[in-house]
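What follows draws every value from the coordinates through simple rules; no lab data is involved. Here the structure is a predicted model, which means the values were calculated and not measured. Counting neighbours? That spans all protein chains shown, and the Cβs are built from the backbone with ideal geometry, glycine included.
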Amino acid sequence: MFRLAVALAASTLVAGCGVAIPQFGGPVPTPGHVSLNDLPVPAYVCAAVDDTSTVATFRSSLIDYVECARQSWTPALQAIGRRAPDPAVFVEATDAPSACTGLLTDDEVGMYCRLDGSLVFSDDLRWMADDGDLIAARVAFHEYAHAVQHELGMVLDAPSGSSTRRIELQATCWSAMLLRTLDGLQVTDEVRQYLADDVGSVGDADHGTSESRRRWTLIGFDATSMAACDTSKAPESHVS
Ligand SMILES: [Zn+2]
């Protein structure tokens, strides 16, 4: 299970999610074949917006963000002979149970469910959004990133440690990379810093220190190639 947890008291992201032995880019490509790292960042423009007015509208927003992620990832994954995951979306307490319903803890707001490939979100997420923090998009893109990692054959559920953090920080980087695709979002330096500070406001042993989470958020914002988020090649000090 890969989770994005939230420190409810602080209303900030804590991280979440998973453990893995990185096998970045999936199976080793045969000679002459393109690898994920050779590809540019997604150019898809995402028109999804947060609508927190009701559970139903917020659920629709999450579904829209997940669909944006699928559209964004499709060209790159097709280029390496993979398919973009098309996960079902469950909002706890509102939808029929998924295989992972009930597995979110009180301080977690989202998770990738390996049991059925779905994404599970807490309705608490609806109450946490602050102006401009893009938390729903961030969580949806982060959890979708774990679905991509699963599609790429990365080994998940290894013991906690550096390998886990590399997977989590890659998902954080990929999430920031997709935030740039939001229609109308002006990624000024002020916006970059604000969002990076928010992501980095918390940290833990599995998801990286505040500094690491902040670093990989900024790298994701600035990425021009998929290789930028390849945490497997990062020095240990950058994935602490
Ligand atoms: Zn995660």
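May I ask for the net charge around Ser162, where only other residues with Cβ less than 12 Å from the Cβ of Ser162 are counted and Lys, Arg are +1 while Asp, Glu are -1? Working shown, then result.
Details: positive: Arg165, Arg166; negative: Glu168, Asp206, Glu236.
Net charge in that neighbourhood comes out at -1.
What is the projected area of the convex hull of the Cα atoms of the chain, averaged over all directions, in nm²?
Numbers: hull surface 46.4 nm².
If I average the Cα hull's projected area over directions, I get 11.6 nm².
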Item checked: Degrees, to the nearest 10: 189-199 long Cα axis against longest axis of the chain -> 80 degrees
Next item on the list: Could you give the spread of the C-alpha atoms of region 111-208 along their three principal axes, from largest to smallest, in whole angstroms?
Entry: 36, 26, 24
